[in-house]
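Reviewing the structure listed below.
The values are calculated or read from the model by the stated rules, or taken from the named source; none is laboratory data. All values derive from a computational prediction rather than experimental measurement. We place every Cβ from the backbone using ideal geometry, glycine too, and count neighbours over all the protein chains shown. Please note that ligands, DNA and RNA were not included when accessible areas were found on the heavy atoms of the full protein model with its side chains. Shrake-Rupley method; radii C 1.70, N 1.55, O 1.52, S 1.80 Å.
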Amino acid sequence: MKKLPFFRPIQLLCLSVLFLLSGCAGLNSSFETPKVTLADINVREIKTLETSFLVQLRVMNPNDFPLEIKGLSCDLEVDGRQFASGLQGNVQAIEPYGSALVPVEVYASVLDMVNSVIGLIQSANKPNAPMESLTYRLVGKVHVSTGTLTRNVPFESEGELNLK
């Protein structure tokens, strides 16, 4: 009869850790990036040098497991100019194949806003330049947890704001 090799406790521990790590690495290999889009924007408060807006972001979870949003940062550009920036730190869960509105308070410098308005007026005064819409670009990172892994996921969304 053949004798089975003898494993010492330290070898068993190392093998167990190795199997555990390789198993965890494959758990979320099918992670799909959540989609983040601008859903709404409202003026909250106007101060002498700063204006705050409440931006509603639609976060869609294309995965078959829930996502927990741990935080979010974003920058909003309007017509190619930096407009506002903000952070959100409240934890919010999104069900598998679900979506949620995530409120983010963003802040804009009144001086930057005045410069943007002047630029828009100058653009509108050019021949054949009707002011029917403004383009926006939203960029940022959403800090998500899948239960086993936590990661920062960059996002970008673009669109037009209709002025009519």
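Out of region 68-81, which residues are more than 13 Å from the chain's Cα centre (by Cα) and among the aliphatic types (A, V, I, L, M)?
Within region 68-81, Val78 is the sole residue that qualifies.
Which of the residues that make up region 118-149 are under 14 Å from Pro34 (Cβ atoms), at pLDDT 90 or above and open to solvent by less than 80 Å² (accessible area, probe 1.4 Å)?
If the condition is that a residue be under 14 Å from Pro34 (Cβ atoms), at pLDDT 90 or above and open to solvent by less than 80 Å² (accessible area, probe 1.4 Å), then Leu138, Gly140, Val142, His143, Val144, Ser145 are the ones that fit.
Among all residue pairs at least 6 apart or on different chains, which show Cβ distances below 7 Å where the first residue, located in region 37-61, is under 21 Å from Asn162 (Cα atoms) and the second is open to solvent by less than 30 Å² (accessible area, probe 1.4 Å) and of a type in the set (Gly, Ala, Ser)?
Qualifying pairs under 7 Å: Thr37/Ser157; Leu38/Ser157; Leu38/Gly159; Arg44/Ser52; Phe53/Ala84; Phe53/Ala108; Val55/Gly86.
With respect to Ala84, determine if the residue is open to solvent by less than 90 Å² (accessible area, probe 1.4 Å), within 19 Å of the chain's Cα centre (by Cα) and either of a type in the set (Gly, Ala, Ser) or at pLDDT 90 or above (or both).
So Ala84 passes the test.
When you scan region 44-51, do you find a residue that is open to solvent by less than 30 Å² (accessible area, probe 1.4 Å) and modelled with pLDDT of 95 or more, even just one?
At the first step, the residues of region 44-51 found to be open to solvent by less than 30 Å² (accessible area, probe 1.4 Å) are 51.
Among the residues that remain, those that are also modelled with pLDDT of 95 or more are: none.
No, region 44-51 contains no residue that is open to solvent by less than 30 Å² (accessible area, probe 1.4 Å) and modelled with pLDDT of 95 or more.
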